[in-house]
1. What is the one condition in (1) under 20 Å from residue 80 (Cα atoms); (2) surrounded by 19 or more Cβ atoms within 10 Å (Cβ to Cβ) that residue 158 does not satisfy?
2. Please state which one of 216, 128, 152 is touching a residue at least 60 places away in the same chain (Cβ under 8 Å), under 18 Å from residue 83 (Cα atoms), under 11 Å from the mean Cα position of the chain (by Cα) and in a strand (DSSP E or B).
3. If we scan the range 210-224, do we find a residue that is over 24 Å from residue 59 (Cβ atoms), in contact with a strand residue (DSSP E or B) (Cβ under 6 Å, 6 or more places away or on another chain), buried (at least 17 other Cβ atoms within 10 Å of the Cβ) and modelled with pLDDT under 95?
4. Looking at residue 33, is it out of contact with any strand residue (DSSP E or B) (no Cβ under 7 Å at 6 or more places or on another chain), closer than 21 Å to residue 150 by Cβ and either in a strand (DSSP E or B) or modelled with pLDDT under 95 (or both)?
5. Restricting to the range 168-200, count the residues that are within 15 Å of residue 122 (Cα to Cα) and either in contact with a helix residue (DSSP H, G or I) (Cβ under 6 Å, 6 or more places away or on another chain) or part of a loop (DSSP other than H, G, I, E, B) (or both).
């Protein structure tokens, strides 16, 4: 049965482009507002407050999930950005992040094989996480964290075609998701794994065939402030 995104193969084969109006939520103020909240969450005054700030990056395996995801499979992507760590005691902290995240999904052929084409979605993402870890002391400190993530779609393409040129493809500019993960910290850095599942559809044109982002990531972060020593 053909679903909303089953048309991806037809678009690639025929090469038909149909310009449709921009979505009502594509206003530049959304980006300004998201950046404003992010700057409040990871302030430039972190140095004087002695709040730990680090770099975070990772390799992601991303896919579309949901009722309309039958024609899609995993692709490899990445994420890169900043994170803060606001202690709320010895074992709990508030962890805001701000990063660029590349998501999307590869497209299957009619024979079920993975084609060269893929949906490539780029987001400015801001996870707001609560973090639980073991008490200070010892060489390594395990972490568990979870929370919500808000994202703004920066770019969406299918192969070399903009998603906005695909008929009946009404991508959502704002993303909301849940993030769950764990890390092991040591020597100023931490190696971890996380999974993010979308709560707001990438597209929900056809009832019952909505698709959502899913991303499994291997991450590494390194503390850049305050420096030890």
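The values are calculated or read from the model by the stated rules, or taken from the named source; none is laboratory data. Worth saying up front: this structure is predicted, and the values here are computed from it rather than measured. Neighbour counts are summed over all protein chains in view; Cβ atoms, including those assigned to glycine, are modelled from backbone coordinates with ideal geometry.
1. With (1) under 20 Å from residue 80 (Cα atoms); (2) surrounded by 19 or more Cβ atoms within 10 Å (Cβ to Cβ) applied to residue 158, the lone miss is (1).
2. Numbers: 216 fails: under 18 Å from residue 83 (Cα atoms); 128 fails: under 11 Å from the mean Cα position of the chain (by Cα).
Only one candidate qualifies: 152.
3. We begin by selecting, within the range 210-224, every residue over 24 Å from residue 59 (Cβ atoms); these are 210.
Subset that is in contact with a strand residue (DSSP E or B) (Cβ under 6 Å, 6 or more places away or on another chain): none.
No, every residue in the range 210-224 fails to be over 24 Å from residue 59 (Cβ atoms), in contact with a strand residue (DSSP E or B) (Cβ under 6 Å, 6 or more places away or on another chain), buried (at least 17 other Cβ atoms within 10 Å of the Cβ) and modelled with pLDDT under 95.
4. Values: out of contact with any strand residue (DSSP E or B) (no Cβ under 7 Å at 6 or more places or on another chain): yes; closer than 21 Å to residue 150 by Cβ: yes; either in a strand (DSSP E or B) or modelled with pLDDT under 95 (or both): yes.
The answer is yes for residue 33.
5. 3
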